[in-house]
Amino acid sequence: MALPSLKLLQIGDIHWPGADPRGVDSKDAGFDPVLGNRLVPNATQVVLRHLMSESYHPDAIVLMGDLADKGAITSYQECLDKIITVFGDDLFKILIACGNHDVDRSRCSDNDLFQKFDPLNDVIRHRSLPEMSTRAPVFLPLTGQGHQAILVSLNSCMGCGVKRRFINQRPPKALEWYTAYRFRAMDRRKDRSRFEELDTPAFHGDHLLAARSQIQQEALSVLPIVVAHHNILPQETPRLMAYGELVNGGLARSYLLSLDRPILYLHGHIHEDPIEVVATPGKQHSRLITVSAPPLRDGFNMLTVEYSSSGYPLGCRVDSWRRERGGCVSKAAEIRVRFWEPGDASAVLSPQTLAIMRFVAGRGDQEFHFSDITESGLDMPDSLLELEWLGLIEITNRQGAPYLWLVRRSA
Ligand SMILES: [Fe+2]
């Protein structure tokens, strides 16, 4: 017994080659690095080996960006080649978001905000993978048996490397040092008294508009899944940095909530893994579910979206697979996020399931057995799982075999 489902593998920042800075408690910067780097296994490699040995077979793989570190194109190439080796046949649906660390700042241009992304898409195209969103959003429909979704990839790194000018003032001394340290190119040094370079996360306004109008055209049975590198909600850990959060994240959030439907928003970047839900009272079906992936060295998320027999996405289960200190990867948590309120049942459930809903309502607060329903002449076992997603019932022993289930109407 299982509802139709869509499985998404969400992989966070990789920062290839991905050493774990916490792996060795080094108090001696002068210690031989060759030996020092071999004292613990490479954490990223541990997780990749796990992914290669287990057969998850997702319907799609989403990479949240920051495949490389500090814009190193060779690291970017090596990382993609490793991903291709690990996932082999599952690569037919892969979507890669651009991360701020993927961008080579020396390619930033005052005249073209997008030119700096061209080498990354060249690498992707050369490997016959679906193009990354840079100058426009990328839409990738995902349709399978009983499930429909559309991946909407947005470029949140347009502002990576843009300048903030010092108008009629000299930069603070510390900032001069900071700018010189981060951006060593000689041609930039001569200018550093006039500007600082920022990492400003930002969407292009036209991309937001295009994403909104595409989602608006999709039927409610199609789940929009927005993919971008940066977090749309401010991160929990205070970050003392100028323009460190998406400068038009509020606008993006408002656009998505205005669509009055459940939308998944997947991101990375913050190296933390919160799951958060935003809704707005004026739009009763609005529900923006943001899911952050941890850096790959810590693990990955497997998302399973389940659909009703009438084809509507009902909710998402996020399985957090995390690397343990002992060196293995295991499922650390399972979070269920529902897309609808109990009052939406008639909009998204089939007539058969609604009949079972009425049967449940007739039992009052009494706990009953799975067989009580089938004996009543209603024979549609998946309906209980659908009612559970709507928050209408609780299955106290869902991990057991269905014929053993004990069911109770939700309080
Ligand atoms: Fe990042």
Exercise for the section: Would you check if there is a residue in segment 37-44 being part of a helix (DSSP H, G or I) and either away from the ligand (no atom under 16 Å from the Cβ) or not assigned by TED's automatic domain parsing to the domain that holds Ala293 (or both)? Expected result: yes
Completion exercise
Flagged in segment 192-243 as more than 20 Å from the chain's Cα centre (by Cα), closer than 18 Å to Gln148 by Cα and surrounded by 12 or more Cβ atoms within 10 Å (Cβ to Cβ), in numbering order, are Gln216, Glu218, Leu220, Ser221
Exercise for the section: Please work out if Pro17 is assigned to a loop (DSSP other than H, G, I, E, B) and either under 23 Å from Tyr265 (Cβ atoms) or more than 22 Å from the chain's Cα centre (by Cα) (or both). Expected result: no
Practice task
Hey, can you tell me all the residues within segment 86-104 that are within 14 Å of Ile11 (Cβ to Cβ) and away from the ligand (no atom under 15 Å from the Cβ)?
Solution key: Val86, Phe87, Asp90, Leu91, Lys93, Ile94, Leu95
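Could you check segment 313-411 for helices (runs of 4 or more DSSP H) lying wholly inside it with 1 or more residues that are modelled with pLDDT of 95 or more and closer than 30 Å to Thr290 by Cβ?
382-389
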Completion exercise
Scanning segment 124-139 residue by residue, the ones that are without any contact (Cβ under 8 Å) to a residue 60 or more places away in the chain, outside any loop (DSSP other than H, G, I, E, B) and either touching a strand residue (DSSP E or B) at 6+ places or on another chain (Cβ under 6 Å) or within 22 Å of His204 (Cβ to Cβ) (or both) total 3
Exercise for the section: All but one of (1) modelled with pLDDT of 95 or more; (2) not in a helix (DSSP H, G or I) hold for His101, so report the exception by its number. Expected result: (2)
Problem - Meets criteria (farther than 22 Å from Arg317 by Cα and either assigned to a loop (DSSP other than H, G, I, E, B) or touching an Asp or Glu at 6+ places or on another chain (Cβ under 6 Å) (or both)) for Leu240 - result: yes
Fill in the blank from the handout: Scanning segment 49-85 for residues that are over 19 Å from Cys160 (Cβ atoms) and either within 16 Å of the ligand (Cβ to nearest atom) or aromatic (Phe, Trp, Tyr) (or both) gives Tyr56, Val62
Fill in the blank from the handout: Cβ pairs under 6 Å, 6+ apart or interchain, first in segment 251-270 and assigned by TED's automatic domain parsing to the domain that holds Leu303 and farther than 10 Å from Thr290 by Cβ, second within 16 Å of the ligand (Cβ to nearest atom) and among the aromatic types (Phe, Trp, Tyr), ordered by first then second residue, are Ala252/Phe203
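The values are calculated or read from the model by the stated rules, or taken from the named source; none is laboratory data. Computed from a predicted structure; not experimentally measured. With ideal geometry, Cβ positions are generated from the backbone for all residues, glycine too; neighbour counts draw on all protein chains shown.
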